[in-house]
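Below is one structure, written out as structure tokens; comments come after it.
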Amino acid sequence: MSAVGHAGGPAPALGTGRPRGGLARSVRDALVVAQRNLIRMVRIPEVVIFALIQPIMFVVLFTYVFGGSIAVPGAPSGDAQAYREFLMAGIFAQTVTFATAGAGAGIADDMHKGLIDRFRSLPMSRGAVLTGRTLADLVQTALTLVVLAVVALLIGWRSHHNPLSVLAGFGLLLLLGYAFSWIGALIGLSVRTPEAATSGGLIWLFPLTFVSNAFVPVNGMPAFLQHVAEWNPFSATVAGARELFGNTIAGVPRSVTGAWPMEHPVLASALWSVLIIAVFRTLAVRKYRSATA
């Protein structure tokens with residue numbers, strides 16, 4: 001005898017589930033998945049601790065080892081305080097983007113354990129699993145930024161704008177981090193193991209972050225790299241954060257090459273992030289529908 005549903009009709013087949021119900025259901029499903037990942041994060045606190053160690057090491061190394069030898073345009077040579085204020089937006093941006101590797105590894109781990117297949121068999125929104133995962137990663141990244149900001153204040157970094165502007169700067173950084181987490185999601189769905197996801201999530205981030213204005217001024221780079229660095233989405237976010245933190249130096253040109261993103265860094269950063277989310281969320285959700293462990 002065939003199974004029947006509660007209304008007397010045929011029972012829904014596994015994987016088809018109830019009608020998905022639009023935006024409200026998608027949001028609810030995504031929040032449930034985000035809660036699951038946040039609970040896991042709390043139960044494995046070493047993940048957060050290790051995520052903090054690298055950016056703190058970068059702050060200390062660049063500030064106290066390289067800071068005295070890197071000249072900031074418009075500041076006296078060897079001015080350590082000027083370099084601290086130049087550096088910190090870059091460290092903050094690097095921190096939020098390097099979380100991409102963790103996002104990809106987490107999704108790859110879920111794939112490897114068969115959890116993604118179980119999620120796909122449930123009556124839930126197709127994009128909810130990935131949205132929930134990226135939202136949980138965003139919360140973890142925000143907590144990391146708070147701790148890193150405290151460390152930055154302890155070593156002498158200061159902002160020179162009002163608190164709302166500073167919060168907007170951190171919001172711009174988190175928007176970039178959220179955008180890049182969708183790249184990590186796509187990588188995690190495209191590889192076979194968490195180790196491959198970690199490697200794949202980092203290998204492209206190093207040139208992206210170092211061929212930029214994050215750690216050294218662009219004017220010291222070869223001419224062709226100056227153009228690459230100033231059109232880099234990462235550079236736009238770093239420049240936008242510096243502007244919102246008040247860490248720019250009056251009278252110093254924003255751009256060496258006249259690149260539009262450096263002339264309008266806050267707007268350019270927001271546009272880059274929205275574009276990355278739109279493209280890579282679409283690709284990741286499409287990949288999620290067909291990916292197999």
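The values are calculated or read from the model by the stated rules, or taken from the named source; none is laboratory data. Computed from a prediction, not measured in an experiment: that's the story for all the values here. In this analysis, Cβ positions are derived from the backbone assuming ideal geometry, glycine residues included, and neighbour counts consider all displayed protein chains. These accessible areas exclude ligands, DNA and RNA; they are computed on the full protein's heavy atoms, side chains included. Shrake-Rupley method; radii C 1.70, N 1.55, O 1.52, S 1.80 Å.
With the calculation restricted to Cα positions, what are the radius of gyration and Dmax of the stretch 56-128 in angstrom?
20.9, 62
Given a cut-off of 17 Å, what percent of all Cα-Cα pairs of the stretch 45-96 lie beyond it?
I get 39 percent for the Cα pairs in the stretch 45-96 exceeding 17 Å.
Given that compact globular proteins tend to follow 2.2 N^0.38 Å, what is the ratio of the alpha-carbon Rg of the chain to that value?
1.13
Which residue, chosen from MET111, VAL47, HIS227, occupies the Cα position most advanced towards the positive end of the dipole of the chain, where the dipole is computed from +1 (Lys, Arg) and -1 (Asp, Glu) charges on Cβ about the Cα centre?
In the chain, that residue is MET111.
On a full-extension model of 0.36 nm per residue, what is the gain between THR257 and ARG36, subtracting their alpha-carbon distance, rounded to one decimal in nm?
The span from THR257 to ARG36 would gain 74.9 nm if fully extended.
State, as an integer percentage, the relative contact order of the stretch 163-269 based on alpha-carbon contacts under 8 Å between residues 6 or more apart.
After rounding, I find 30 percent.
Quick one: in the stretch 159-277, what % of C-alpha pairs are over 23 Å apart?
Percent of Cα pairs beyond 23 Å in the stretch 159-277: 35.
If you take the beta carbon distance between LYS113 and ALA278 as r and set R0 to 35 Å, what does 1/(1 + (r/R0)^6) give as a FRET efficiency, to the nearest 0.05?
Given R0 = 35 Å and the Cβ-Cβ separation, E is 0.75.
Give the carbon-plus-sulfur fraction of the accessible surface of the chain in %, rounded to a whole number; probe 1.4 Å, heavy atoms of protein chains only.
Carbon with sulfur: 69 percent of the solvent-accessible area.
Testing the spin-label approximation: label points 7 Å from Cα along Cα→Cβ at ARG289 and MET57. State their distance in nm.
4.2
Helix 46-61: angle to the longest alpha-carbon principal axis of the chain, degrees 0 to 90, nearest 10?
20
Need one number: nm distance between label points at GLU195 and ALA75, each 7 Å from Cα along Cα→Cβ, rounded to one decimal.
Label at GLU195, label at ALA75, 4.2 nm between them.
Would the stretch 237-281 count as rounded, prolate or oblate if I go by the C-alpha gyration tensor, calling it rounded below 1.5 in a/c and otherwise prolate when a/b exceeds b/c, oblate otherwise?
oblate
Subtract the Cα-Cα distance of ALA142 and LEU202 from 0.36 nm times their separation in residues, and report this length gain in nm to one decimal.
Contour length minus the Cα-Cα distance gives 19.6 nm.
Sequence gap at least 6, Cα distance under 8 Å: using those rules, report the relative contact order of the chain to the nearest whole percent.
Normalised by residue count, the contact order of the chain is 25 percent.
Once the Cα gyration tensor of the stretch 168-211 is diagonalised, what are the square roots of 5 times its eigenvalues, in whole Å and ordered largest first, as equivalent ellipsoid semi-axes?
So the equivalent ellipsoid measures 22, 13, 6 Å along its semi-axes.
Helix-only mean residue ellipticity at 222 nm, the chain, DSSP H runs n ≥ 4 weighted -39,500 (n - 2.57), per residue, nearest 500. What is it?
Calculated at 222 nm, the ellipticity per residue is -22500 deg cm²/dmol.
Provide the per residue accessible area, probe 1.4 Å, for the chain, rounded to a whole number of square angstrom.
For the chain, the per-residue accessible area is 49 Å².
With label points built 7 Å along Cα→Cβ from the Cα atoms of VAL47 and ALA223, find their separation and express it in nm.
Those two pseudo-labels are separated by 4.9 nm.
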